[in-house]
Amino acid sequence: MHPDLPLQWPRSTSQACPALIISTLGAFLLTGSAAPAAAQDETTAVRVVADQVRSQGFACANATSVERIAAESTPDRPVFILTCNAAKYRVQMIPDQAAKITKVE
């Protein structure tokens, strides 16, 4: 398990189980190669973070990328920048709570 990912994620309306989210994002963050598996992991990570943003009422019709911001992340609260077609969001995942989401201009 990646040390920057929390042990549990907030449970939302139609979110996948926390263990799946952790393993998916962990695989994405640990993979540094351009192999097809890395591309699939990135696609999955984009989907997971975008689903969290949407489940909290933010618009993200077509998520294109997600990037972990190491300088702002803590071991139990990773921070990501999610880029969608019409918006960009800073997403801080918080264990057992809703994510803290702010729109980036």
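The values are calculated or read from the model by the stated rules, or taken from the named source; none is laboratory data. Just so it is clear, the model here is predicted, and its values are computed rather than measured. Because the Cβ atoms are built from the backbone with ideal geometry, glycine has one as well, and the counts that use them run over all protein chains shown.
Restricting attention to segment 95-104, does a residue exist that is at pLDDT 95 or above, assigned to a strand (DSSP E or B) and under 13 Å from the mean Cα position of the chain (by Cα)?
Within segment 95-104, one or more residues are at pLDDT 95 or above, assigned to a strand (DSSP E or B) and under 13 Å from the mean Cα position of the chain (by Cα).
Go through the residues of segment 61-83 one by one and say whether even a single one is at positive phi and modelled with pLDDT under 95.
The initial filter retains those residues of segment 61-83 that are at positive phi, namely none.
No: zero hits.
Are there any pairs with C-beta distances below 6 angstrom linking a residue in segment 61-80 that is closer than 20 Å to residue 44 by Cβ to a residue that is among the hydroxyl-bearing types (Ser, Thr, Tyr) and not in a strand (DSSP E or B), with the two at least 6 apart or on different chains, and if so which?
79/73
Give the residue, chosen from 54, 90, that is modelled with pLDDT of 60 or more, out of contact with any helix residue (DSSP H, G or I) (no Cβ under 6 Å at 6 or more places or on another chain), among the charged types (D, E, K, R) and part of a helix (DSSP H, G or I). Full working, then the answer.
Values: 90 fails: part of a helix (DSSP H, G or I).
Criteria check complete, one pass: 54.
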